[in-house]
Amino acid sequence: MLHPTRTDVVVLRLGEVVVKAHSARDDVEALRPRLRAAASAAVSGVMLAPLEPEVLSAGGRAVTVWPTGRPVAQDDPDSAPWEEGARLLARLHAVPLTLLPELPPAGGPARAARAVDRMPGDGPVEQLIRRTFKELPETPSPRGSLPGLLTHGDWHLGQLVHRDRWLLIDVDDLGVGDPAWDLARPAAWFAAGLLDPVVWERFLGAYLASGGPALGRGDDPWQRLDVPARALTVQLAAVAVVNAGREGRELDEVEHSLVESCNRIVRA
């Protein structure tokens with residue numbers, strides 16, 4: 001079974017095995033330690049382990065091989081495992097880097113820049129998104145001198161599968177970074193009015209109750225979340241514009257909300 005994606009990534013399911021041909025843009029040498037990290041005992045029970053701990057090659061693409069898992073049901077949002085995802089992130093962020101191979105920087109901060117660069121055209125919406133990105137603080141991490149931690153780099157509900165338990169998947173952006181970026185997508189959705197405040201509180205509460213270190217010891221989580229959430233808003237808006245253009249359609253209501261969030265960021 002071929003699983004469609006909106007990028008040049010190809011995911012093929014063969015019985016109980018999933019084969020992923022990674023993007024031609026992916027750095028194969030950076031992918032190798034990320035895959036070995038996912039196969040290590042240090043993240044057992046947190047990340048889905050690959051069936052093959054080394055990167056393979058086919059047709060000039062990096063290929064990785066995984067066991068199957070049941071994804072989050074898209075047609076039943078009330079059952080979405082927000083708390084489970086938060087607890088897994090808290091456990092991931094607590095893994096000592098000394099137990100893992102030397103990892104590259106987490107990919108989160110670079111994703112916004114790539115999304116903006118991929119936008120074609122120069123209409124009012126594109127100009128707004130580019131202006132919002134340009135006016136983000138130059139230093140995207142609010143952690144100051146705190147050391148980097150193990151960070152997923154691109155967390156959302158699509159990065160969870162159930163295989164006896166919920167597990168994190170996708171090592172493409174795994175690395176050392178500011179773990180607040182792993183909370184930034186739901187934070188951006190919440191700020192844009194796209195995530196129910198009750199769900200946001202459940203997610204955030206589960207992360208903090210599990211000892212998640214991303215938000216420090218302060219009373220205001222937005223001291224750490226504000227800049228990453230703004231960057232994710234720009235990224236999601238840019239991706240929305242690219243997808244709408246490729247599909248030959250207007251922005252939908254959710255995508256308009258992301259663009260309007262960019263407008264609020266600029267005005268603020």
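The values are calculated or read from the model by the stated rules, or taken from the named source; none is laboratory data. Since we're looking at a predicted model, the values are computed, not measured. Don't worry about glycine lacking a Cβ; one is built from the backbone with ideal geometry, like all the others, and counts go over all protein chains shown.
Worth pointing out:
- Scope segment 144-168; condition crowded, with 20+ Cβ neighbours inside 10 Å and either modelled with pLDDT under 95 or of a type in the set (S, T, N, Q) (or both); matching residues: Thr151, Gln159
- Restricting segment 30-69 to residues that are surrounded by 13 or more Cβ atoms within 10 Å (Cβ to Cβ) and among the hydroxyl-bearing types (Ser, Thr, Tyr), the residue that is farthest from His152 (Cα to Cα) is Thr68.
- Filter result for Asp117 (free of Cβ contacts under 8 Å to residues at least 12 places away in the same chain, over 17 Å from Ile169 (Cβ atoms) and within 20 Å of the chain's Cα centre (by Cα)): yes
- Some residue of segment 215-229 being within 29 Å of Leu149 (Cα to Cα), out of contact with any strand residue (DSSP E or B) (no Cβ under 6 Å at 6 or more places or on another chain) and of a type in the set (Lys, Arg): yes
- In this structure, Val72 qualifies as surrounded by 20 or more Cβ atoms within 10 Å (Cβ to Cβ) and within 19 Å of the chain's Cα centre (by Cα).
- If you go through segment 155-179 and pick out every residue that is in contact with a Gly (Cβ under 9 Å, 6 or more places away or on another chain) and small (Gly, Ala, Ser), you end up with 2.
- Residue check, Pro33 in contact with a helix residue (DSSP H, G or I) (Cβ under 6 Å, 6 or more places away or on another chain), under 24 Å from Leu89 (Cα atoms) and either part of a strand (DSSP E or B) or not hydrophobic (A, V, I, L, M, F, W, C) (or both): no
- In segment 34-41, the condition of being of a type in the set (Ser, Thr, Tyr), within 17 Å of Trp166 (Cβ to Cβ) and either more than 20 Å from the chain's Cα centre (by Cα) or modelled with pLDDT of 95 or more (or both) is met by no residue.
- Of all the numbered requirements in (1) assigned to a helix (DSSP H, G or I); (2) surrounded by 14 or more Cβ atoms within 10 Å (Cβ to Cβ), Val266 misses one, and that requirement is (2).
- Taken over segment 221-263, the criterion of being touching a helix residue (DSSP H, G or I) at 6+ places or on another chain (Cβ under 6 Å) and exposed (fewer than 14 other Cβ atoms within 10 Å of the Cβ) is satisfied by no residue.
- Filtered by the rule that a residue be within 16 Å of Arg131 (Cα to Cα) and of a type in the set (A, V, I, L, M), segment 241-261 gives Val241, Leu258, Val259.
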